[in-house]
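Here the structure is laid out as structure tokens; the discussion comes afterwards.
The values are calculated or read from the model by the stated rules, or taken from the named source; none is laboratory data. As the structure is a prediction and not an experimental result, all values here were calculated from the model. When we count neighbours, we look across all protein chains shown, and the Cβ atoms used for this are built from the backbone with ideal geometry, even at glycine.
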Amino acid sequence: MVATSNNISLQNYREVTPPGTIDLLCKLAERLKGRSILHVNSTKVGGGVAEMLHRFIPLFTEVGIKASWQILQGSPLFYQTTKSFHNALQGQQQTVTPEMYEEYLKVNKKNSSEMSFDSDVVVIHDPQPAALIAKKQKKSKWLWRCHIDISKPQRKVWNFLREYIAGYDGAIFSLPSFAQKLSLPQFLVYPSIDPLSDKNRDLTGEEVRSVIEKYGIPADKPMILQVSRFDRFKDPVGVIEAYRMVKKYNDCCLVLAGGGATDDPEGVLVLDAVKEASLRDKDIFILDLPPDSNIIINALQRAAKVVLQKSTREGFGLTVAEAMWKGKPVIGGAAGGIIVQIIYGETGFTVNSVEGCAYRIRYLLNNPEHFAQMGQKAKEYTRRNFLITRHLCDYLALMLKMLGI
Ligand code: UDP
């Protein structure tokens, strides 16, 4: 049997997934043996899309599907442009100049001449590579997989992009409210986490302790944690403000752990703003982590007392599912996919303000019994809805549908 990157085979997932999942997956895959799927995105590391693709490719291969992953190569102006697209599509006012649109198309054209698209199904992730559609051949089916909250896009940018999306055979969104007026089939698929990856597998107490000690985080104070790229939509400064309110009543420490993505040029500016906001507080730990920090993040999520994802826009928060899988109720911004991940008062709390966030942090710190009950529910809810095995089933069902099998 072919093993995945961590030497984990599909059969290992039987121990952690709901009964019947792996059998269903194998049955679907049987009908697709020898077929191929290509994924294209714009970064190998950083952010949820790369996180999922790293785990998907070996699993597709293991079930007999030829899976490949190609990464679009851009210029600094291209990444600046696509970050503006990203912000505009998530509803923030942006100015995109004609030169920026031109650069977007130029980079897509150059990449399309260097890539090969002869797979049965081609999945293009997010706006960055969307214009590769110009290379679509009749025999293959192309899906545009949108991972961002596109419920209220800035019209001009969406109208530009929509011309390219219109050429696809289907579009996939993470929430019904992200669906658009398009004359192609639209599908709803929740993203997922891999319960057996280094990011999410069980750790020993010693493994967790050594990470906490490495960063000098006090073990005797409850830790509030947010793991995120340094991005304004993740509201790290709002997290610091909420922590300061809590700190007046409950002694605690705050860890903001993040890193950059190669296609996100704004990270450095946001990190500077975060450092500025945290000055002179020795109980705030800003960890600028390298891309392969999976065990570190896993340990932090396990050691944390309260996990936050205070986003103001979010396609779907993988970090929310990661913490829930570790038995933590999560406090998340009432935005995008977070509202389906967190069932209010059952698996965590969604909040709309700094004050609301501080109030719910204090609630979880001061109610350990309810915390434990919610944490248990959060884990089970994640097991049933947000694991990679369910996600793979969705992809296989989509392949069957698109290929008319
Ligand atoms: N992540 C990471 N290192 C970091 C910050 C984030 O490995 O420094 C991971 C995080 O654990 C999660 C993913 O990147 O798996 C972020 O996905 P999410 O959907 O939460 O947000 P996105 O960055 O895609 O907007």
Since M245 meets every condition but one in (1) within 23 Å of the chain's Cα centre (by Cα); (2) away from the ligand (no atom under 16 Å from the Cβ), which condition does it not meet? (1)
Regarding I165, is this residue under 22 Å from the mean Cα position of the chain (by Cα) and surrounded by fewer than 22 Cβ atoms within 10 Å (Cβ to Cβ)? yes
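The rows are residues; the columns are (1) surrounded by fewer than 23 Cβ atoms within 10 Å (Cβ to Cβ); (2) more than 12 Å from the ligand (Cβ to nearest atom); (3) aromatic (F, W, Y).
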residue: D288; (1), (2), (3): yes, no, no
residue: I295; (1), (2), (3): yes, no, no
residue: Q301; (1), (2), (3): no, no, no
residue: A323; (1), (2), (3): no, no, no
residue: R362; (1), (2), (3): yes, yes, no
From the list F178, F173, F233, which residue is within 30 Å of N366 (Cα to Cα) and crowded, with 21+ Cβ neighbours inside 10 Å? F233
Condition first: part of a loop (DSSP other than H, G, I, E, B), under 17 Å from I150 (Cα atoms) and in contact with a strand residue (DSSP E or B) (Cβ under 6 Å, 6 or more places away or on another chain). Now tell me which residues in the stretch 183-215 satisfy that. L184, P185, V189
Looking only at the stretch 88-110, count how many residues are without any contact (Cβ under 8 Å) to a residue 12 or more places away in the chain, closer than 17 Å to R155 by Cα and part of a helix (DSSP H, G or I). 1
Only unsatisfied item for L143, checking (1) more than 21 Å from V227 (Cβ to Cβ); (2) touching an Asp or Glu at 6+ places or on another chain (Cβ under 7 Å); (3) in contact (Cβ under 8 Å) with a residue 40 or more places away in the chain; (4) part of a loop (DSSP other than H, G, I, E, B), is (4)
Would you check which residues across the stretch 47-68 are aromatic (F, W, Y) and within 16 Å of the ligand (Cβ to nearest atom) and list them? F56
So is G356 of a type outside the set (V, I, T), part of a loop (DSSP other than H, G, I, E, B), more than 16 Å from the ligand (Cβ to nearest atom) and surrounded by fewer than 21 Cβ atoms within 10 Å (Cβ to Cβ) or not? no
Considering only residues of the stretch 138-155 that are within 16 Å of the ligand (Cβ to nearest atom) and within 17 Å of P185 (Cβ to Cβ), which is farthest from the chain's Cα centre (by Cα)? I150
Filter the stretch 270-284 for residues that are at pLDDT 95 or above and either in contact with a Ser or Thr (Cβ under 9 Å, 6 or more places away or on another chain) or basic (K, R) (or both) and give the result. K282, I284
Every residue from the stretch 56-93 that is more than 13 Å from Q128 (Cβ to Cβ), of a type in the set (S, T, N, Q) and surrounded by fewer than 18 Cβ atoms within 10 Å (Cβ to Cβ): T61, S68, Q92, Q93
Qualifying residues in the stretch 19-46 (those that are under 27 Å from E314 (Cα atoms) and surrounded by fewer than 19 Cβ atoms within 10 Å (Cβ to Cβ)) - the one farthest from the ligand (Cβ to nearest atom): K44
Count of residues meeting criterion [over 29 Å from Q80 (Cβ atoms) and crowded, with 17+ Cβ neighbours inside 10 Å] in the stretch 251-271: 4
If the Cβ limit is 8 Å and pairs must be 6+ apart or interchain, which residue in the stretch 310-330 that is touching a residue at least 60 places away in the same chain (Cβ under 8 Å) and assigned to a loop (DSSP other than H, G, I, E, B) pairs with which residue that is near the ligand (Cβ under 7 Å from one of its atoms) and β-branched (V, I, T)? none
Checking I331 against (1) within 23 Å of D220 (Cα to Cα); (2) out of contact with any Phe, Trp or Tyr (no Cβ under 8 Å at 6 or more places or on another chain); (3) of a type in the set (A, V, I, L, M): exactly one of these is not met. Which one? (2)
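So that you can scan it fast, the table gives a plain yes or no per residue for (1) in contact with a Gly (Cβ under 7 Å, 6 or more places away or on another chain); (2) surrounded by fewer than 22 Cβ atoms within 10 Å (Cβ to Cβ); (3) at pLDDT 95 or above:
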| position | (1), (2), (3) |
| --- | --- |
| T347 | no, no, yes |
| F371 | no, yes, yes |
| M399 | no, no, yes |
| M402 | yes, yes, yes |
